[in-house]
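Nothing in this text is a laboratory measurement; each read-out follows from the coordinates by a stated rule. Everything quoted here is computed from the prediction, not taken from an experiment. Positions of Cβ are backbone-derived with ideal geometry, glycine not excepted, and every protein chain shown enters the neighbour counts.
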Amino acid sequence: SKIDALSHKWIAVPKSQHVEQLWNQNSIQENPDGLIRVVSKFVPKSATDISQDILYKIDVNCSEKVFRDIAFGANKFNEYENKDSEWKDPNENKLILGVIDQVCVLIN
């Protein structure tokens, strides 16, 4: 399993059929505006050139249960910055809801 090879800093959320989502517990930081920033990792069950691990830096608003992508990348982290990122509702996405719930429980 890919998770076994990862550092203890990575926390897995409940899996979906084709992908896993993890977040780095040591990456949590509180922004000056009181929101939480964390690094998350999207791991497809079978990595190919088209589907590979993707790292995300996201902001989480615990009171509203919404998130926004700040930066992401597959070849290198922060490969793409998202300066005008909009807040998004997770829309029942169990992977991102798992990240939001776990991060918010940990910081509270």
(request) Could you pull out every residue, at least 5 positions away or on a different chain, whose amide H is within less than 5 Å of the one on Ile36? Hs are placed 1.01 Å off N in the peptide plane, and Pro or chain starts have none. (result) Asn31, Val60, Cys62
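From the cross-link list Lys41/Lys94; Lys9/Lys65; Lys41/Lys88; Lys9/Lys41; Lys9/Lys83; Lys45/Lys65, which pairs have alpha carbons spaced over 20 Å apart? Write out the running numbers ahead of the final one.
Working: Lys41/Lys94 14 Å; Lys9/Lys65 23 Å; Lys41/Lys88 18 Å; Lys9/Lys41 12 Å; Lys9/Lys83 27 Å; Lys45/Lys65 27 Å.
Violating the 20 Å Cα-Cα cut-off are Lys9/Lys65; Lys9/Lys83; Lys45/Lys65.
Local charge sum around Glu64 (other residues, Cβ-Cβ under 14 Å, Lys/Arg +1, Asp/Glu -1)? Mind showing how you got there, number by number?
Details: positive: Lys65, Arg68, Lys88; negative: Asp33, Asp59, Glu86, Asp89, Asp101.
Cβ neighbours under 14 Å give a net charge of -2.
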